[in-house]
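K.L.:
First the structure, which I've put down as structure tokens, then a few questions once you've had a look.
The values are calculated or read from the model by the stated rules, or taken from the named source; none is laboratory data. Remember, predicted model here, so these are calculated numbers, not experimental data. Cβ sites come from the backbone with ideal geometry, for glycine too, and all protein chains shown count toward neighbours.
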Amino acid sequence: MELADVTIAQLRYLLASRDEESWKVAAASCGVSPSAFSQGIAQLERKLDLDLIDRSGRQRSLTAAGYAAATHAELVLAQMRELSRWASEVREGEAGLLVVGMIDTAAVHHFGDALVAFRRRYPEIELRLIVQPSASLTELLLRSEVDLIVAVEVAPMQNVQSVPLVREPMYVYAPPGTDIGAEATWGPWVTFPQASRSRALAGAELQRRGVDFTVVAESSQPAVLREMVQLGMGWTVLSSVDAEREPHALRRAHPNAVTERVLSMSHRSDRTPSPALSRLIDALRVEAS
């Protein structure tokens with residue numbers, strides 16, 4: 001079968017038409033005019049001999065074939081990014097760019113010193129840090145937009161190698177001055193957003209114990225949750241490194257942990273780590289040991 005002669009730009013246009021709210025915004029996100037964007041999509045349709053865009057309504061949207069093609073486009077672009085990364089490493093040896101994703105607790109409390117030391121030891125390596133929730137970091141890793149992540153552990157994924165680094169007991173914290181009663185009286189709760197893995201772990205265990213896990217406020221930042229508890233807005237479940245740091249340290253409502261989360265280091269297993277990435281993996285393992 002002869003390969004379709006499509007361009008990287010056309011594949012990016014297709015993804016933008018899927019992900020952005022309007023044709024105009026999609027064109028702007030690709031740095032081209034709406035007319036050039038439209039021409040690029042039309043050229044892609046001709047080369048694939050498929051109708052990718054439904055133009056029957058006022059708003060353009062992808063057809064079923066368009067959505068399927070966009071999924072393939074994501075894979076192609078991920079492989080092109082990997083090709084560019086590999087070529088850069090061949091040219092530069094152990095120098096180059098490393099993009100690392102971490103949840104805030106990992107970046108600030110567990111591996112901040114290791115990252116600073118790594119930068120000082122290897123100034124020829126450009127190390128960029130992205131701090132986001134675990135689910136977002138996992139998506140970045142699957143799209144090959146980061147080289148490595150440290151996030152809350154999930155089930156095994158295809159083409160991803162994960163190694164546990166840190167086990168964090170999670171404790172219950174109540175507002176100052178709260179009369180701590182039976183578990184059934186605990187709450188209401190301030191916690192991470194609904195997609196958070198830490199929230200899922202805590203909520204499942206509390207509900208198993210018969211606790212009403214009614215959430216009244218959300219934040220992806222542990223420091224904000226800690227302040228909410230200090231202000232009396234609700235109870236929370238956090239790791240001790242997030243909750244018990246001065247100033248404004250919280251006190252545990254119960255001495256025993258309610259659950260535990262594991263912070264794991266993950267990278268793609270379908271490619272050989274660069275020399276720079278291998279050095280960083282070793283540094284994080286040493287820091288966690």
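K.L.:
If I filter the range 265-288 down to residues being surrounded by fewer than 19 Cβ atoms within 10 Å (Cβ to Cβ) and outside any helix (DSSP H, G or I), which single residue comes out as modelled with the lowest pLDDT? Reasoning before the result, please.
P.N.:
Going through the range 265-288, the residues surrounded by fewer than 19 Cβ atoms within 10 Å (Cβ to Cβ) turn out to be 269-273, 275, 278-279, 281-283, 285-288.
Next, only the ones that are outside any helix (DSSP H, G or I) stay: 269-273.
Values: Ser269: 90, Asp270: 84, Arg271: 80, Thr272: 77, Pro273: 82.
My answer is Thr272.
K.L.:
Scanning the range 219-238 for residues that are surrounded by 15 or more Cβ atoms within 10 Å (Cβ to Cβ) and assigned to a loop (DSSP other than H, G, I, E, B), which turns out nearest to the chain's Cα centre (by Cα)?
P.N.:
Only one residue fits best here, namely Ser220.
K.L.:
What is the residue count in the range 181-193 for residues that are hydrophobic (A, V, I, L, M, F, W, C), more than 12 Å from Leu238 (Cα to Cα) and either at pLDDT below 95 or in contact with a helix residue (DSSP H, G or I) (Cβ under 6 Å, 6 or more places away or on another chain) (or both)? Outline the logic, then answer.
P.N.:
Narrowing the range 181-193 to residues hydrophobic (A, V, I, L, M, F, W, C): 182, 184, 186, 189-190, 192.
Retained after the next criterion (residues that are more than 12 Å from Leu238 (Cα to Cα)): 182, 184, 186.
Within this subset, residues satisfying the condition of being either at pLDDT below 95 or in contact with a helix residue (DSSP H, G or I) (Cβ under 6 Å, 6 or more places away or on another chain) (or both) are 182, 184.
Counting residues in the range 181-193 that are hydrophobic (A, V, I, L, M, F, W, C), more than 12 Å from Leu238 (Cα to Cα) and either at pLDDT below 95 or in contact with a helix residue (DSSP H, G or I) (Cβ under 6 Å, 6 or more places away or on another chain) (or both) gives 2.
K.L.:
Evaluate the range 174-193: report whether one residue or more is within 21 Å of the chain's Cα centre (by Cα), under 16 Å from Arg261 (Cβ atoms) and crowded, with 16+ Cβ neighbours inside 10 Å. Spell out how you get there, then give the answer.
P.N.:
Filtering the range 174-193 down to residues within 21 Å of the chain's Cα centre (by Cα) leaves 191-193.
Next, only the ones that are under 16 Å from Arg261 (Cβ atoms) stay: 191-193.
Now drop any that are not crowded, with 16+ Cβ neighbours inside 10 Å, which leaves 191-192.
Within the range 174-193, one or more residues are within 21 Å of the chain's Cα centre (by Cα), under 16 Å from Arg261 (Cβ atoms) and crowded, with 16+ Cβ neighbours inside 10 Å.
K.L.:
Continuing with the same structure: Please give the number of the condition Ala249 fails out of (1) touching a residue at least 24 places away in the same chain (Cβ under 8 Å); (2) part of a loop (DSSP other than H, G, I, E, B); (3) aliphatic (A, V, I, L, M).
P.N.:
Every listed condition holds for Ala249 apart from (1).
K.L.:
Can you name the number of the only condition in (1) farther than 28 Å from Leu115 by Cβ; (2) touching a strand residue (DSSP E or B) at 6+ places or on another chain (Cβ under 8 Å) that Ala202 fails?
P.N.:
(1)
K.L.:
Further question on the same structure: Scan the range 194-218 residue by residue and report those that are under 17 Å from Glu153 (Cα atoms) and either surrounded by 13 or more Cβ atoms within 10 Å (Cβ to Cβ) or modelled with pLDDT of 95 or more (or both).
P.N.:
Ser196, Arg197, Ser198, Arg199, Ala200, Leu201, Ala202, Gly203, Ala204, Glu205
K.L.:
Closer than 28 Å to Gln132 by Cβ and aliphatic (A, V, I, L, M) - does that describe any residue in the range 49-65?
P.N.:
Yes, that holds for at least one residue.
K.L.:
Something else now. Please specify each residue of the range 55-88 satisfying the condition of being of a type in the set (Ser, Thr, Tyr) and touching a strand residue (DSSP E or B) at 6+ places or on another chain (Cβ under 6 Å).
P.N.:
If the condition is that a residue be of a type in the set (Ser, Thr, Tyr) and touching a strand residue (DSSP E or B) at 6+ places or on another chain (Cβ under 6 Å), then Ser61, Thr63, Ser88 are the ones that fit.
K.L.:
Right, here's the next one. Please determine whether any residue of the range 67-81 is part of a helix (DSSP H, G or I) and acidic (Asp, Glu).
P.N.:
Yes: one or more hits.
K.L.:
Mind listing whichever residues of the range 71-85 are under 21 Å from Ser274 (Cβ atoms), surrounded by 14 or more Cβ atoms within 10 Å (Cβ to Cβ) and at pLDDT 85 or above?
P.N.:
Once the filter is applied, which keeps residues that are under 21 Å from Ser274 (Cβ atoms), surrounded by 14 or more Cβ atoms within 10 Å (Cβ to Cβ) and at pLDDT 85 or above, the range 71-85 yields Leu77, Ala78.
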